[in-house]
Each structure stands twice: as C-alpha cells, then as structure tokens.
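Structure first, then comments.
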Amino acid sequence: MLQIQDVTKNYQNFVALEHINLEFENGIYGLLAPNGAGKTTLLKLITTLLFPTEGKILYDGVEIRKLDALYREKLGFLPQDFGYYREYTPEKYLHYIGVLKGMERRELQDKIGQMLELVGLSEHKNKKMKKFSGGMIQRVGIAQALLNDPQILVLDEPTAGLDPGERMRFRKILTSLSKDKTVLVSTHIVSDVEFIANHIVMLKDKKVHCNDTVENICKKLEGSIFETVVEEEELSGWEERYQVVSRRREGRDIVIRFISRNGRQGWQPVKPGLEDVFLFLYGKE
Amino acid sequence: MDCRRQEVKRILTGRLFWILFTGALVVNFWFIINYRGNVPMVAAATVLGENGVHHVTVENQEEIIAAFAGREPGNAQISVRSAVEAVPHIAEYLEAADFAEIFIEDLRLTGKAADMVRNACAPLEKLLLRDRKNDTAVSLFVPCTAGFFDLFSYFLPIACTVEASLAAVLLMLRCVNAPYDNRSKELVYTTKTGRRLNRLQTESALFTILLFAVALWGSTILLAEGVFRMGELWQVKVGSMMMLHFFYPIICRFSISLSTYMLLQAALSVCMALLFGIAAAFFVTRTHRTVTAFFIISFCCALAAAAAEIAPRDSLLFFILRFQPVEFVKKAGRWFASGAGFLSVRYYEAVFGLFWGALLLLLLIRQYKKFRLEDI
C-alpha cells in the first residue's frame, strides 16, 4: 500500500501542494485537476523525482526515500512529455529502458515482444522512432511503463495524442492490470477515467478536495444539474447567470445543460456525471 | 545486464564519437603529410642505423655527412656538415648550467624563480657525464630537417592531446547530460537504476574517452610509420632532445628512446583527456546544461592561462603557480583561449595532473551525492 502522509511541497517560496494525505491500494485511481493544480508535482513526489518539503511517502510502511532502488523496481512511470533517442527503434529503446530497470536479458527479450504486441507496434519494431507519430510515441511510452510488470503504475496524461480507438484499447489494458496493481492516472480528460477508475482524487487549492468513488462524488451534485431549452439570443444571458456544462442545437432552439443549486419549473433535472462535477469545481479556473 | 556496457555501446555507436575520431585522424594525417619532404632524410638515417651508426663521433662524421648528401631540405637553417661537426664539441662543453640558462631565457624568469631553476638543473651534471660516457649524448636522429623532430616532440602530441581533450569534454557532456538534453530525465531517473545512472554514465564516458585517446595515438603513430618508415629510428635515445632539437639531438636528460618518449606523451595525453572528462562531468552534473558547462570549462581554462601569464616572473610563487598546478590547466586553457602551447614531458606535470585529477574527482563525488538528493 502506498501512503502519502501530510505531504507539503514548496518550490522556494511557492507552495505547490499543502498537507496532502492519501492512501492507494490495488485498483485504478484517477487524479483529476485542471492544469497547474499540482497533479504533476504529486506524481513526481510519488515517483521520487521530487522530495517532500514536509511529510512522508510510505510504501508498505517504509519511507520510499529509504527504499530507494527497491521502491523504483516496483514502479512504472509514463511522464507527461517524455524524451527518447530519436535514432532508436522501439525494440532498442525498450531494451535500453529494460536494462535501466534491472531486468534480466532473457526475461527482457520476451517482455519486449509482449509489450510491442500489447500496444500494437510489433509491425513497427524495427522502424526508427524519429519517424513515429505522436500517438505511436505515446504507445511506446505506455509499453516502457509496463515493461517491468510494475506494482505501482503512474501515468501522467497517458492518452494525450491517442486516437479514439487507441484510447479504448488503453482503457482496456488498464482495467485488466488493475486487479493486482495500484494504477494512478493523472488527467484533465474526464472521460479517460470516469468509467474505469475505482477512485477519483480531485485537487483544488493545492489540497485534496475529494477522494471517493465516481458514484459518491456524483451524488454530491444530485439535484443540481438541469437541462432546458433556450433561444439562441438568450444563451449569453444564461451563460452569465449559470455554469453551462454543455449545449446542443435542436432545430432553432438550443438545449443547455447547466449547474444550479435550486431547480425551477421547466428545468429538467438530469443525473450528474463526473464531467459536471469537474466543471462545477474548476469551471471558473 | 550491465548499464555501463549499454552506455559504452551507446556512445560507440553514436555519430559524435566517429565524427570526432575521423576528424582528429584527418588533422593528424595532415600534420604528418606536411613533413613528407623529409622522407629521403629519414630513409638515409634508417640506413645508417641499420649499418650500426647510432651516434655521432669524430670518426664517423664523414660517413654520416655522405649518407645525407643531396637529401637536405631546402629550408634547413643549418647544414648537415655544420651540425655533425659541431655535435662532439657541444657534447663535450655543454654543462648543466647551460640548460638552466636556456630554460630561464625561454620563460623570461628572474629573481628567485630563476635561482630555483638553476638549483633544479645542478644535478643534471652527473647525467651529462654519464651520457658522454655511453654516447647517448650524441645520439643520431634525422638532422637539419627544419622541424622533423618537432612533429614527434611537439605537433603530434599537441594534436592528439587537444583532440582527445576536446573529444573528452564533448563525449562526457553528451553522455552524462543525455537525460536532460533529450528530455528523458523523468523517465530514466525513475527506473531501478535511478540517479545512479549519472555515475554509471560518467564511468562509461571515461572508458570511451580512454578508448578514444588510445586509439587516436595508436592510429596516428601507425600513420606516421606508414609515411616515414622510421624503423630503428624509434629506438634512438632522445630524452631531453627537445631542448636543442632545432638543429640536432645531443644531450639526454632521461635516457629514453623515441618510442618510450611517445608512450610517455601518450600517457600524459590520456591523463589530460580523462582530467577534462572529469571536469566536464562535474560541471554538467552541477548545471545540467551542456552548453553552459562547456563555456564554464573554457572560461576556467582561459582564466588560469591569463592568471599565469600576468603573474610576476621573479617570484617563487609565480614559478610554483606556473609550473606546478596551474601549468596543467594553463596549457589546456591556452588552447581554449588562443590555440597555442601544450604538453611536454616533465615529470611534475604527471604529478600535478594526478593532483588536479584527485581534486576534481572529489568535487565530482560531492556533486554526485548532491544530485542524488536534489529535485528533478
């Protein structure tokens, strides 16, 4: 189990995270927050790239700083924007990362084949990565994160650059892995985690705002999400008064979905989704 | 599998290594080929060596002069006859004090510094006596060739040292800073190897620098042998020939052959390259910026060179600063600053090379420990 105990992170005088307390067990955790909210800082703390200014991060009761290589051995990390040797083929690149991960040669060869198959790059294994598209690079990134069969898998914006088919395949992979692993997915794309995450952690004002299941989080907004039909000329007035989540055109009218604490006649209450919660929390940001 | 082996493989299969190596060989070949006019003189000296003529004596003077007749280069400052006839006399009358004065004049020393040189040269008298007895004081090389000996005592060692040092800096910067340069730092430092990778990369780069320098020296000497066919001339006792090499080899301070001399030069050159490699590793681990680290190294060398140049020449402190620890950096600094001045065989350079090496190594270890605890 991974525990974050009262962690604060300062960059000189700037406070990036304040008194964070979290516990991660096996399963998928979605870390949701808008850009600049401290998601990446939190992930960097978990992956030992940063050290807490205050507080501790423990793995199975031992501080990860003390565990050092023993902890990183169990870690798989996909950074938001990762670099690579452009002249390398994906096979050679995975081999390089495998060696850094301390994997045995024979095990590594088998694993590289499996991972390339998993992310659909077997046919391109001998192609130089400089010729790859952004989506293909991201798939190599996912493959390297899974290469050492990590106990803790940390993914920072993993679906960036992936097309809808690839995203669906990626979600499937994550779901299959989550049985016996802790998977932490940081994203600001709600749909990436809404249907696969067991838990959602939301950050606001450098602190943990909520840490619960999708269902429980959405319950908090029950009775606050409505739909109604407005005319096009009225739309800007509605947007000024309410937080409009979405809009769609139906003939000459527009159907809007919005957040309001109190309902009125003519407004149709609808079941809130995670995206509504996200916009409710961070809409103004 | 060993990370070091993988890093070495990565450097050796990289373009930079081979561009630097090929470039260095082309420059050295250009140096060598510029001296191809001396091939007939070298051939004559080789034949003399094969015929058992290794020293200049009053008895074999005419044989030597005849062997070189008609082969003298047009730009020679002194004729073979004049040199060969002068050698036995110079060997007889040259004293240790003369060496000291040449050294003092060359470096424009005065006061206590000059006195120190005179005292340091006094014990040479015994060596001169020994060399007069065993004839190494009058060893025969290739006379009156307008700098053929410079090629081996000066230009090739300079070229190899500069090329190896430059390659050392570039290879080290490229290797150690790769995670920062190609933005893979977040990925590689979270693997099991973690920040230990920095040390492993430093060690791998040092190994490839060693390979580079040794291969460069080996290839250069092979090229020289291919062009000049030196044969037995590699065995000529040269020692401090560089003192008077402008016309002929005469006195040997250290009784060593040309091949041993070149080997010592190569060893110093390799040490120099490693030293620059360690310096590059230190600065790049500190700054994480390749270009910044390169400029800091250049600036430090230029600063040391400037300090040594402007220091007063009559003080003991200046002498120690210039010819002991600072000399090593100064010589490197000159290249970075103005492209002049390099190594010669002086034992204290090796000693202070080790001194600087140890100092830099300690700084590097300290920086590495700091890096393990810093935020990325």
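The values are calculated or read from the model by the stated rules, or taken from the named source; none is laboratory data. Nothing here was measured: the structure is a model prediction, and the numbers come from that model. Cβ sites come from the backbone with ideal geometry, for glycine too, and all protein chains shown count toward neighbours.
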**Request:** Determine if segment B:210-227 includes at least one residue that is within 14 Å of chain A (Cβ to nearest Cβ) and surrounded by 17 or more Cβ atoms within 10 Å (Cβ to Cβ).
**Result:** no
**Message:** Among the residues of segment A:25-37, are any free of Cβ contacts under 8 Å to residues at least 24 places away in the same chain, on the phi < 0 side of the Ramachandran plot and either under 13 Å from the mean Cα position of the chain (by Cα) or assigned by TED's automatic domain parsing to the domain that holds A:HIS188 (or both)?
**Reply:** no
**Asked** Within segment A:65-77, can one find any residue that is closer than 14 Å to A:LYS207 by Cα, in contact (Cβ under 8 Å) with a residue 60 or more places away in the chain and within 11 Å of chain B (Cβ to nearest Cβ)?
**Response** no
**Tabulated pairs, segment A:41-52, first at the interface with another protein chain (Cβ under 10 Å from one of its Cβ atoms), second part of a loop (DSSP other than H, G, I, E, B) and among the β-branched types (Val, Ile, Thr), C-beta under 8 angstrom, 6+ apart or interchain** = A:LYS44/B:ILE376; A:THR47/B:THR190; A:THR48/B:THR190; A:LEU49/B:THR190; A:LEU49/B:ILE376; A:LEU50/B:ILE376
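Looking at B:VAL47, B:VAL56, B:VAL26, B:VAL39, can you tell me which residue is over 27 Å from B:ARG196 (Cβ atoms), of a type in the set (A, V, I, L, M, F, W, C), in contact (Cβ under 8 Å) with a residue 40 or more places away in the chain and surrounded by fewer than 16 Cβ atoms within 10 Å (Cβ to Cβ)?
Being over 27 Å from B:ARG196 (Cβ atoms), of a type in the set (A, V, I, L, M, F, W, C), in contact (Cβ under 8 Å) with a residue 40 or more places away in the chain and surrounded by fewer than 16 Cβ atoms within 10 Å (Cβ to Cβ) holds for just one of B:VAL47, B:VAL56, B:VAL26, B:VAL39, which is B:VAL39.
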**Item:** Positions within segment A:95-122 being hydroxyl-bearing (Ser, Thr, Tyr) and more than 8 Å from every other protein chain (Cβ to nearest Cβ), in sequence order
**Value:** A:SER122
**Test result for B:SER298, under 14 Å from B:LEU210 (Cβ atoms), touching a helix residue (DSSP H, G or I) at 6+ places or on another chain (Cβ under 7 Å) and among the small types (Gly, Ala, Ser)** = no
**Message:** The conditions are (1) surrounded by fewer than 16 Cβ atoms within 10 Å (Cβ to Cβ); (2) within 12 Å of another protein chain (Cβ to nearest Cβ); (3) out of contact with any His (no Cβ under 9 Å at 6 or more places or on another chain), and A:LYS92 fails exactly one of them. Which is it?
**Reply:** (1)
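Among the residues of segment B:356-376, write down those that are among the hydrophobic types (A, V, I, L, M, F, W, C) and either touching a residue at least 60 places away in the same chain (Cβ under 8 Å) or within 13 Å of another protein chain (Cβ to nearest Cβ) (or both).
Narrowing segment B:356-376 to residues among the hydrophobic types (A, V, I, L, M, F, W, C): B:356, B:358-365, B:371, B:373, B:376.
If the condition is that a residue be among the hydrophobic types (A, V, I, L, M, F, W, C) and either touching a residue at least 60 places away in the same chain (Cβ under 8 Å) or within 13 Å of another protein chain (Cβ to nearest Cβ) (or both), then B:TRP356, B:LEU360, B:LEU361, B:LEU363, B:LEU364, B:PHE371, B:LEU373, B:ILE376 are the ones that fit.
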**Item:** Where B:GLN6 falls short, out of the listed (1) more than 14 Å from every other protein chain (Cβ to nearest Cβ); (2) touching a His at 6+ places or on another chain (Cβ under 9 Å)
**Value:** (1)
**Prompt:** Restricting the search to segment A:162-183, which residues are free of Cβ contacts under 8 Å to residues at least 40 places away in the same chain and surrounded by fewer than 16 Cβ atoms within 10 Å (Cβ to Cβ)?
**Reply:** A:ASP163, A:PRO164, A:GLY165, A:MET168, A:LYS172, A:SER176
**Message:** Just checking, does segment B:87-105 include any residue being more than 30 Å from B:SER298 (Cα to Cα) and touching a Phe, Trp or Tyr at 6+ places or on another chain (Cβ under 7 Å)?
**Reply:** yes
**Criterion: at pLDDT 85 or above and charged (D, E, K, R) - qualifying residue of B:ARG366, B:ARG346** = B:ARG366
**Complete:** Of those in segment A:239-285 that are assigned to a loop (DSSP other than H, G, I, E, B) and under 25 Å from the mean Cα position of the chain (by Cα), the residue farthest from A:HIS188 (Cα to Cα) is A:LYS271
**Item:** Close pairs (9 angstrom Cβ cut-off, 6 or more residues apart or separate chains): outside the structural domain of A:MET168 (by TED's automatic domain parsing) in segment A:188-199, among the basic types (Lys, Arg) and buried (at least 18 other Cβ atoms within 10 Å of the Cβ) anywhere
**Value:** none
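When you scan segment A:1-119 for helices (runs of 4 or more DSSP H) that lie fully inside it, which ones turn up with 1 or more residues that are under 30 Å from B:GLU7 (Cα atoms) and touching a strand residue (DSSP E or B) at 6+ places or on another chain (Cβ under 7 Å)?
Fully inside segment A:1-119 and qualifying: A:39-46, A:64-67, A:69-72.
Residue-wise test of (1) more than 24 Å from A:LYS111 (Cα to Cα); (2) within 15 Å of the chain's Cα centre (by Cα); (3) of a type in the set (Phe, Trp, Tyr).
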position	(1), (2), (3)
A:GLN3	yes, no, no
A:ASP6	yes, no, no
A:LYS39	yes, yes, no
A:PHE51	yes, no, yes
A:LEU75	no, no, no
A:LEU78	no, yes, no
**Item:** Of all residues making up segment B:91-116, the number that are crowded, with 18+ Cβ neighbours inside 10 Å and assigned to a helix (DSSP H, G or I)
**Value:** 7
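So that you can scan it fast, the table gives a plain yes or no per residue for (1) at the interface with chain A (Cβ under 9 Å from one of its Cβ atoms); (2) in contact (Cβ under 8 Å) with a residue 24 or more places away in the chain; (3) part of a loop (DSSP other than H, G, I, E, B); (4) among the aromatic types (Phe, Trp, Tyr):
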{"residue": "B:GLU163", "(1), (2), (3), (4)": "no, yes, no, no"}
{"residue": "B:LEU166", "(1), (2), (3), (4)": "no, yes, no, no"}
{"residue": "B:ARG183", "(1), (2), (3), (4)": "yes, no, yes, no"}
{"residue": "B:THR193", "(1), (2), (3), (4)": "yes, yes, yes, no"}
{"residue": "B:ARG199", "(1), (2), (3), (4)": "no, yes, no, no"}
{"residue": "B:GLU203", "(1), (2), (3), (4)": "no, yes, no, no"}
